[in-house]
1. Please return the ranges of helices (runs of 4 or more DSSP H) entirely within segment 72-183 where 3 or more residues are touching a Leu at 6+ places or on another chain (Cβ under 9 Å) and surrounded by fewer than 21 Cβ atoms within 10 Å (Cβ to Cβ).
2. Being touching a Lys or Arg at 6+ places or on another chain (Cβ under 7 Å), modelled with pLDDT of 90 or more, on the phi < 0 side of the Ramachandran plot and not aromatic (Phe, Trp, Tyr) is true for just one of ILE358, ILE304. Which residue is that?
3. Please specify each residue of segment 60-106 satisfying the condition of being among the small types (Gly, Ala, Ser) and at pLDDT below 90.
4. Condition first: part of a strand (DSSP E or B), surrounded by 19 or more Cβ atoms within 10 Å (Cβ to Cβ) and not small (Gly, Ala, Ser). Can you find one or more residues in segment 17-27 that meet it?
5. Restricting attention to segment 222-250, report how many residues are among the hydroxyl-bearing types (Ser, Thr, Tyr) and buried (at least 21 other Cβ atoms within 10 Å of the Cβ).
6. Cβ contacts < 8 Å: first residue closer than 16 Å to ALA376 by Cα, restricted to segment 426-449; second residue among the aromatic types (Phe, Trp, Tyr), any location; separation 6+ or different chain. Result?
7. For segment 268-285, enumerate the residues that are closer than 15 Å to THR300 by Cβ and either outside the structural domain of GLN306 (by TED's automatic domain parsing) or polar (S, T, N, Q) (or both).
8. Looking at segment 282-308, which of its residues are without any contact (Cβ under 8 Å) to a residue 40 or more places away in the chain, in a helix (DSSP H, G or I) and farther than 21 Å from ARG217 by Cβ?
Amino acid sequence: MVDAGMDVARIGLAHGTLEEALGRMHRVRQVAQEAGRRVGVLVDLPGPKVRTASFGSDGAELLADTEVEIRVGDAKSTAELVEVDYDNLFHDIAVGDQVALGDGQVLLQVVDIASDRATGLVLHGDVIHGRPGFRIPSDRLSMSTPTPEDLRNLDAFVSESVDMVAVSFVRSGDDIRRVNVEPHPDGPLVIAKIETQAAVQNLEDIIEASAGIMVARGDLGTECLMEETPHLQKRIIRECIAGGLPVITATQMLDSMVQASTPTRAEVSDVANAVFDGTSAVMLSAETAIGAHPAATVATMARIAQRADEEFDYVRWGENIRRLRMTDADAPTSVTDAMTGAAATAANELNLAAIICISASGFTVRSMARFRPQAAILGFSTSERTVQQLTLSWGVTPMLAHEKGSYEDRVAEALNQAKEAGHVVPGDVAAVVAGMTEATDVLRLVRIN
């Protein structure tokens, strides 16, 4: 998968043990080092996600218009009995609720509730495997985000210097603030998963509290109207990118490739449209976690994204970002907005070979990446953590710098590294963008010798 184009490996904690998850992270890092690639690691906290007992590896088919019994338990689920591993189940659901299993493959309507069981009518049936989520409306879910278990697991990954952490079922910025890790790059990038109606309503507060956003369309699509999901996706991406935050589009992107060797044409269009929307990254889930063709799926997604990038309207995108960000000259980010916007314009008008960003925290690099300039973005930092975290940013080649001396010395080293790596050649013109204060306040155009 690394050879096929994987930039970030997501490790979910909803299945398996903590030790197994830590082992996967170490394996990813070892393979990336052997391949000579930068691959970030994103640990995905399960949050207050309610799950059923296992349907087994063979799964069970729940048929439309049939009734199933719902009980609290974690032994086994079948087509006739769904056990749910959640003690407060009958407190948090109500008659009339529509409850999704998994990412909406199966939809149940609660038609009756007793003291120790409920009855659900299958509105939409399908074959379901493993331990899918049992979707309780987020406004009635009594569990908090993040859960105590999330925080205990996160401590173990923070001690191993994980690059990013995704927080599930975020409902407000306070949920993100409760994660309480060191700000990046000393701590991981904290990414909020937008998958509840409450998160959509509190999006501005969540963006302010987060270092990145994931559009988790599976759960979002079960809580919001299906026809609203594409429009929410576009809005979330636009607002995040305008603020300089990386954003991930996730769930069922190449879902047919869990089994098939090629995707459907609709899935190909879905991935390409996410790129056209401006997303920083597109994510695979079941396709690589349990799919039959994980490396081929990564390669397929990489080809689709690369081809979409070739058709992307970079000039119009940059103009739209500038309109969104240039409304307040007194804003703390106004200098950074102006300098990175000018660098993007120079890249497009002068056909620059590269934009060399020098940044300790990655702020300058991420600010540059949101404009999607028509030039390679080389993100230099002396921080190993920063370089790893930049694997999530669109169009960025993260590069570790060693020079911590004067500004001129750092620029000279960055230019030499870029030339040695083949990103620029003598005669090329490149931009150098750097932050010498808290803002990105330096822009130079240089000709490579």
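The values are calculated or read from the model by the stated rules, or taken from the named source; none is laboratory data. This is a predicted model, so every value here is computed, not measured. Using ideal geometry, Cβ is built from the backbone for each residue, glycine included, and neighbour counts are taken over all protein chains shown.
1. Filter on segment 72-183 gives 148-158.
2. Going through ILE358, ILE304 in turn, the sole match is ILE358.
3. Once the filter is applied, which keeps residues that are among the small types (Gly, Ala, Ser) and at pLDDT below 90, segment 60-106 yields ALA100, GLY102, GLY104.
4. No: segment 17-27 contains no residue that is part of a strand (DSSP E or B), surrounded by 19 or more Cβ atoms within 10 Å (Cβ to Cβ) and not small (Gly, Ala, Ser).
5. The total comes to 2.
6. ALA434/TYR407
7. SER269, SER285
8. The answer is ARG303, GLN306, ARG307.
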